[in-house]
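The values are calculated or read from the model by the stated rules, or taken from the named source; none is laboratory data. From a predicted model like this one, the values you see are computed outputs, not experimental measurements. Here Cβ is always computed from backbone atoms with ideal geometry, including for glycine, and neighbour counts include all displayed protein chains. With ligands, DNA and RNA removed, areas are computed over all heavy atoms of the protein, side chains included. Shrake-Rupley method; radii C 1.70, N 1.55, O 1.52, S 1.80 Å.
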Amino acid sequence: QVRLVESGGGLVQSGGSLRLSCVLSGTIFDLRVRRWYRQAPGKQREMVALISSDGWSDYADSVRGRFTISGDNADDRVVLQMDRLKPEDTAVYYCNFANRSVDYWGQGTQVTVSS
């Protein structure tokens, strides 16, 4: 059974940093991409960053230059380093692993940035 578990969320002041980690237990056949999403209260879930199985990464414009996504060669972990955090980064952050046909989600971790 596949399970994704996020950790690393918390409360930080504006300008600070947090490091989110997501660990996979179980096996995903033909894993293609690992992503981080976030959802703020009253807003739609949005993609923050992704890293493909061949190492290509991309970011939402709102976090580009401040956040860095990375993953290990075993494809069982993805990390989101978040620097220069802003109050508007406050949200529940979810990791997502996907192959061609199935998306797997973690339970989410709360990130709160105070001004």
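Subtract the Cα-Cα distance of Asp83 and Ser57 from 0.36 nm times their separation in residues, and report this length gain in nm to one decimal. Write out the running numbers ahead of the final one.
Numbers: separation 26, 0.36 × 26 = 9.36 nm, distance 1.70 nm.
Full extension from Asp83 to Ser57 adds 7.7 nm.
How many percent of the accessible area of the range 32-109 is carbon or sulfur, using a 1.4 Å probe?
44
Within the range 67-104, name every residue whose backbone N is under 13 Å away from a label modeled 7 Å from Cα of Phe29 along the Cβ vector.
99-102
Residues of the chain: accessible area per residue at 1.4 Å, in Å²? Before the final figure, lay out each step's value.
Numbers: 6300 Å² over 115 residues.
I get 55 Å² per residue for the chain.
Based on the alpha carbons, how large is the Rg to Rh ratio for the range 23-67 when Rh follows Kirkwood?
Values: Rg = 12.6 Å, Rh = 12.1 Å.
For the range 23-67, the value is 1.04.
Among Arg66, Arg45, Arg100, determine the one that fluctuates most according to a GNM of the chain built with springs between C-alpha atoms less than 10 Å apart.
Arg100
Give, as a single signed number, the net charge of other residues whose beta carbon lies under 11 Å from the beta carbon of Gln110, with Lys and Arg counted +1 and Asp and Glu -1. Present the calculation step by step, with values, prior to reporting the outcome.
Details: positive: Arg38; negative: Glu6.
With Lys, Arg at +1 and Asp, Glu at -1, the neighbours total 0.
Roughly speaking, what is the stretch gain from Arg66 to Asp103, that is 0.36 nm per residue apart minus the C-alpha to C-alpha distance, in nm to one decimal?
Numbers: separation 37, 0.36 × 37 = 13.32 nm, distance 2.61 nm.
Length difference between fully extended and current span is 10.7 nm.
Distance between Cα centroids, the range 27-47 to the range 75-109: provide it in whole Å.
So the separation of the two Cα centres works out to 6 Å.
Let me know the charge dipole size of the chain about its Cα centre in debye, to the nearest 20, where only the beta-carbon of Lys, Arg (+1) and Asp, Glu (-1) is charged. Don't jump to the answer; show the numbers that get you there.
Details: 14 positive and 13 negative charges, 45 e Å.
Result for the chain is approximately 220 debye, rounded to the nearest 20.
Report, to one decimal in Å, the Kirkwood hydrodynamic radius for the range 1-47 based on all distinct Cα pairs. Write out the running numbers ahead of the final one.
On the way: mean 1/r = 0.0754 Å⁻¹.
Computed over the range 1-47, the radius equals 13.3 Å.
For the chain, give the share of DSSP beta bridges that are antiparallel, in percent and rounded to the nearest 5; count only bridges with both residues there.
Details: 38 of 42 bridges.
Once the DSSP bridges in the chain are tallied, antiparallel ones form about 90 percent.
Below 8 Å, C-alpha to C-alpha, sequence gap of six or more: please give me the relative contact order for the range 46-115 in percent. Spell out each step's value before the answer.
On the way: 87 pairs, mean separation 14.9, N = 70.
Averaging sequence separation for qualifying contacts and normalising by length gives 21 percent for the range 46-115.
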